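The values are calculated or read from the model by the stated rules, or taken from the named source; none is laboratory data. Given the structure is predicted, the values throughout are model-derived calculations rather than measurements. Positions of Cβ are backbone-derived with ideal geometry, glycine not excepted, and every protein chain shown enters the neighbour counts.
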Amino acid sequence: MAKPKPRTRDADATKSRILAAAKSEFARLGLGGARVDEIAEKARANKRMIYHYFGSKEDLFRVVLEEAYLDIRNAEQGLELDHLPPVEALETLLRFTWQYYLDNPEFITLVNSANLHRGRHLEGSERLQMASRRLVRMVQDILDRGVESGVFRAGIDAVQLNITIAAIGYYYLTNRFTGAILFERDFMEDAALQQRLAFNIDTIMRLVTV
């Protein structure tokens, strides 16, 4: 089998650096504020290469958003929850989602940017649609197994449950600055984060259990 040509490896490395730099800039400044010059400098590339590989700044933004969503969807599939009892599987997903948000703060700001533009940069992404369907099927399987074993209520909508799981962690973190002022507590203190995770788990389990 022929070895990859050095030029191919160089192109892949350049594209990876551009995507990493673009993710950081778009997360920090949004589509409007991010500058191609700055992305090129951080990627150790030039503007010509960015336009060559990705087209326009909007096209680059589209790829960054798609990859950000696919990263979390692929990581969810890697949990292999079908091997766990339903209660343990759902709790594992809850813990994973919360920790993913904490470990990847850029994901949250990119989601904010995507919604600021009414999601138009994600329209028509078949890869993302397929990944989202896999997530819904995965959660539906957990619910179905829970109903069969008598621990979960019947009739829970997997899409609605996914939205709720995302929301109870997402809202807390996106509003941590205003929340700290309004409720006079440090939302990001270790004890506060653990308390919030415990509350999230308890909330979802009360929602789904018999």
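Observations on the structure shown:
- Selection within the range 86-132 - among the β-branched types (Val, Ile, Thr) and without any contact (Cβ under 8 Å) to a residue 60 or more places away in the chain: 92, 111
- Scanning the range 176-186 for any residue that is out of contact with any Asp or Glu (no Cβ under 7 Å at 6 or more places or on another chain), under 22 Å from residue 69 (Cβ atoms), at pLDDT 95 or above and not basic (Lys, Arg) turns up nothing.
The rows are residues; the columns are (1) at pLDDT below 95; (2) in the same structural domain as residue 131 (by TED's automatic domain parsing); (3) surrounded by 14 or more Cβ atoms within 10 Å (Cβ to Cβ); (4) at positive phi.
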| position | (1), (2), (3), (4) |
| --- | --- |
| 3 | yes, no, no, no |
| 19 | no, no, yes, no |
| 26 | no, no, yes, no |
| 32 | yes, no, no, no |
| 50 | yes, no, yes, no |
| 76 | no, yes, yes, no |
| 80 | yes, yes, no, yes |
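- Of the residues in the range 168-179, at least one is in contact (Cβ under 8 Å) with a residue 40 or more places away in the chain and closer than 21 Å to residue 208 by Cα.
- Qualifying residue in the range 123-133 (condition: aliphatic (A, V, I, L, M) and part of a loop (DSSP other than H, G, I, E, B)): no
- Considering 159, 151, the condition of being surrounded by fewer than 14 Cβ atoms within 10 Å (Cβ to Cβ) and farther than 27 Å from residue 30 by Cβ is satisfied by 159 alone.
- Looking only at residues in the range 59-118 that are within 23 Å of residue 139 (Cα to Cα) and among the polar types (S, T, N, Q), the one that is farthest from the chain's Cα centre (by Cα) is 92.
- Check on residue 134, under 17 Å from residue 89 (Cβ atoms) and not hydrophobic (A, V, I, L, M, F, W, C): yes
- Filter result for residue 133 (at pLDDT 95 or above, within 21 Å of the chain's Cα centre (by Cα), of a type in the set (D, E, K, R) and under 25 Å from residue 86 (Cα atoms)): yes
- Matching residues in the range 178-192 - criterion: being more than 20 Å from residue 98 (Cα to Cα) and outside any helix (DSSP H, G or I): 184
- Close contacts from the range 59-84, counting a first residue that is closer than 18 Å to residue 132 by Cβ and free of Cβ contacts under 8 Å to residues at least 24 places away in the same chain and a second that is of a type in the set (Phe, Trp, Tyr) and not in a helix (DSSP H, G or I), with Cβ to Cβ under 9 Å and a gap of 6+ residues or different chains, come to none at all.
- Count of the range 60-86 residues which are of a type outside the set (Gly, Ala, Ser), farther than 15 Å from residue 19 by Cβ and out of contact with any strand residue (DSSP E or B) (no Cβ under 8 Å at 6 or more places or on another chain): 12
- Condition met for residue 44 (touching a His at 6+ places or on another chain (Cβ under 7 Å) and either modelled with pLDDT of 95 or more or not assigned by TED's automatic domain parsing to the domain that holds residue 162 (or both)): no
- Out of 200, 162, sole residue that is modelled with pLDDT of 95 or more and under 30 Å from residue 59 (Cα atoms): 162
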